[in-house]
Amino acid sequence: MDSTSIPDLRDVLDTSTEETEPSIKKFDSLNSMRDLFEAVDSNCHNSQNKSWTKLNKTDRLILLNKFIEKESKEKQSNKTQLEKVIHSAFNRGMLNKQSVIEYDIENNSIISIKCLQYDESKNNYEIKKNNNIKVQSKPKSKSNIDKILNKSKKNR
């Protein structure tokens, strides 16, 4: 075997690795913080131009609170009662669908909540549940007992 093609361990350890330029990078905290703030700002602006179902929970709550402010000023109604009704409906998952909330993406505001009804005589709000949801039952798969019984009926 030729010893020149495969370096020996002694040869590798003896060779010194001298670098002509030191590779020390200086950390610039101002630029990294600026980049971080730009990333956070762009993320906030991107989250505002999404449909209602694509918004995260905190953005939805902020928009619902703005809607509560606007609605209570327009109708001069009890703001705390409206907050209770809307927040309880939100926590129960009744305000997650796009068909329930009329939301303007460009202005980033809620126009109306379709299941929210205002009773002028009582001066309060109610959430009406829509029980028009159609649930299709799936055909049940046959159990092993049913399969065996069907086979025994066929064999008779």
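The values are calculated or read from the model by the stated rules, or taken from the named source; none is laboratory data. Source: prediction; values computed, not measured. Counting neighbours? That spans all protein chains shown, and the Cβs are built from the backbone with ideal geometry, glycine included.
Would you tally the residues in segment 63-81 being β-branched (Val, Ile, Thr) and surrounded by 14 or more Cβ atoms within 10 Å (Cβ to Cβ)?
Of the residues in segment 63-81, 1 are β-branched (Val, Ile, Thr) and surrounded by 14 or more Cβ atoms within 10 Å (Cβ to Cβ).
Is it true that Arg92 is closer than 17 Å to Lys114 by Cβ, touching a residue at least 24 places away in the same chain (Cβ under 8 Å) and among the charged types (D, E, K, R)?
Here the answer is no, as Arg92 does not meet what is asked.
Within segment 42-81, count every residue that is in a helix (DSSP H, G or I) and modelled with pLDDT of 85 or more.
So the count comes out to 24.
Taking segment 82-101 as the search range and keeping residues that are in contact with a helix residue (DSSP H, G or I) (Cβ under 9 Å, 6 or more places away or on another chain) and in a helix (DSSP H, G or I), which one is surrounded by the most Cβ atoms within 10 Å (Cβ to Cβ)?
Residue satisfying both the conditions and the ranking: Ile86.
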